[in-house]
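Taken together, the values in this text are just the output of simple stated rules run on the coordinates, not laboratory data. Worth saying up front: this structure is predicted, and the values here are computed from it rather than measured. Reconstructed Cβ throughout: ideal geometry from the backbone, glycine too, with neighbour counts over all protein chains shown.
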Amino acid sequence: MPIAREIDTRGLNCPLPILKAKKALNDMASGELLKVVATDPGSLRDFQAFARQTGNELVDQQTLGAEFVHVLKRR
């Protein structure tokens, strides 16, 4: 499934990547994919917790050098 929206949160620390993702997801249709690129190492566990708490599915997480890529599926 193609990525419907991508947001860049490089250089932002918790909770800003989560807040930006939440805002983006609110504007998306159910089932669409959101890609978030972050540099905060804490974002790995933050997005896992966010997915559990909101019911959005965490489809993928990758560490690419100093960047962390999260893909969420809108509930």
| said: For the stretch 61-71, check the following and say yes or no: at least one residue is exposed (fewer than 15 other Cβ atoms within 10 Å of the Cβ), over 16 Å from T9 (Cβ atoms), in contact (Cβ under 8 Å) with a residue 12 or more places away in the chain and touching a helix residue (DSSP H, G or I) at 6+ places or on another chain (Cβ under 8 Å). | reply: no
| Candidates L25, L58, L44 - the one that is touching a strand residue (DSSP E or B) at 6+ places or on another chain (Cβ under 7 Å), touching a residue at least 12 places away in the same chain (Cβ under 8 Å) and surrounded by 18 or more Cβ atoms within 10 Å (Cβ to Cβ) | L25
